[in-house]
Amino acid sequence: MTSEVHEVKTPNDRSTTILWLAGWSMSDKIFDPMRELLPDFHHISVDYSKADSPEEMLLLTETAAMKIISSNELACHAKDDRDRLLICGWSLGGLLALRLAAKGYGDGIVVFATNARFTRSKEEMDLGWSIAAIRKMMIGLMQNQQDVETRFRHNLFTEAEIEAGLGSKLPFLSSWTNKGLISGLQILRSEE
């Protein structure tokens with residue numbers, strides 16, 4: 001696997017670990033302001049930027065959760081003594097967090113801007129994106145990755161939010177590879 005799990009070290013032992021799962025094309029650094037507000041937690045995140053396939057993204061996610069759980073179980077004598085795992089995800093990361101929760105991982109889940117199903121039919125366009133839009137993004141990535149990411153970031157906000165400067169708080173471009181971006185889009189297109 002080419003991607004990796006990032007651990008943000010904190011000085012004290014923590015009773016709760018938060019596993020942070022970022023959205024499509026976003027760095028895990030997007031969560032830094034929230035992590036700073038939660039110094040009493042142990043923070044771990046997954047970096048999907050160099051994933052070569054949807055399967056690798058899913059494996060990275062599940063492996064990170066299993067690693068946290070197994071290290072907790074090894075360190076504790078009783079189930080009640082183990083650290084708690086809170087899974088937090090945004091958009092694509094939220095969809096992956098829901099997947100982990102459905103498999104019984106974690107003690108709690110927090111999702112931001114997440115649907116259990118990202119793509120929708122034309123009749124349900126107010127509930128998600130069309131498969132055609134995802135396909136168009138995949139094709140566009142091969143031609144101009146920067147343009148696709150710029151348009152995507154612009155679509156994250158309403159006009160009022162853009163005028164208020166919220167869009168400027170996101171990193172303009174990601175460090176994701178084309179394969180990583182396409183893998184994320186494949187998950188968004190097919191996961192339910």
**Report entry** Solvent-accessible area per residue, Å², over the stretch 21-73 with all protein chains present [probe radius 1.4 Å]
**Finding:** 44
Requested in this report: Compute the long axis of helix 92-102 from its Cα atoms, compare it with the longest principal axis of the Cα atoms of the chain, and write down the angle in degrees, 0 to 90, nearest 10.
Outcome: 50
Query raised in the report: Roughly how many debye, to the nearest 20, is the charge dipole of the stretch 108-150 about its Cα centre, given +1 on each Lys and Arg Cβ, -1 on each Asp and Glu Cβ, and no other charges?
Result: 160
Query - Rule-of-thumb Rg ratio for the chain [Cα; 2.2 N^0.38 Å; N residues] - result: 1.06
**Report entry** the stretch 144-192, dipole about Cα centre (Lys/Arg Cβ +1, Asp/Glu Cβ -1), debye to the nearest 20
**Finding:** 220
Requested in this report: For the chain, set up a Gaussian network in which alpha carbons nearer than 10 Å are linked by springs, and say which option among 49, 91, 168 fluctuates the most.
Outcome: 168
Query raised in the report: For the chain, with only Lys/Arg (+1) and Asp/Glu (-1) charged at the beta-carbon, what is the dipole magnitude about the Cα centre, in debye rounded to 20?
Result: 380
Query raised in the report: So what's the projected area for the stretch 18-67, the Cα convex hull averaged over all directions, in nm²?
Result: 3.5
Report summary line: Length gained if residue 124 through residue 53 is fully extended, taking 0.36 nm per residue and subtracting the Cα-Cα distance, is 22.7 nm
Requested in this report: Return one number: the angle in degrees, 0 to 90 and rounded to the nearest 10, between the long axis of the Cα atoms of helix 54-75 and the longest principal axis of the Cα atoms of the chain.
Outcome: 20
**Report entry** Within a Gaussian network of the chain (alpha carbon springs, distance under 10 Å), most fluctuating of 93, 180, 104
**Finding:** 104
**Report entry** Percent accessible area from carbon and sulfur atoms, the stretch 82-125, protein chains only, probe 1.4 Å
**Finding:** 51
Report task. Choose one of 106, 19, 144: the residue whose Cα lies farthest towards the positive end of the charge dipole of the chain (beta-carbon charges +1 Lys, Arg; -1 Asp, Glu; about the Cα centre). Result -> 144
Query raised in the report: Relative contact order for the chain using alpha-carbon pairs under 8 Å, separation at least 6, rounded to a whole percent?
Result: 26
Report summary line: Expected max-MSF residue from 92, 181, 38 in the GNM of the chain (alpha carbon, under 10 Å) is 38
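The values are calculated or read from the model by the stated rules, or taken from the named source; none is laboratory data. These numbers were taken from a predicted model, which means no experiment stands behind them. Cβ sites come from the backbone with ideal geometry, for glycine too, and all protein chains shown count toward neighbours. Heads up: the accessible areas ignore ligands, DNA and RNA and are worked out on the full protein's heavy atoms, side chains in. Shrake-Rupley method; radii C 1.70, N 1.55, O 1.52, S 1.80 Å.
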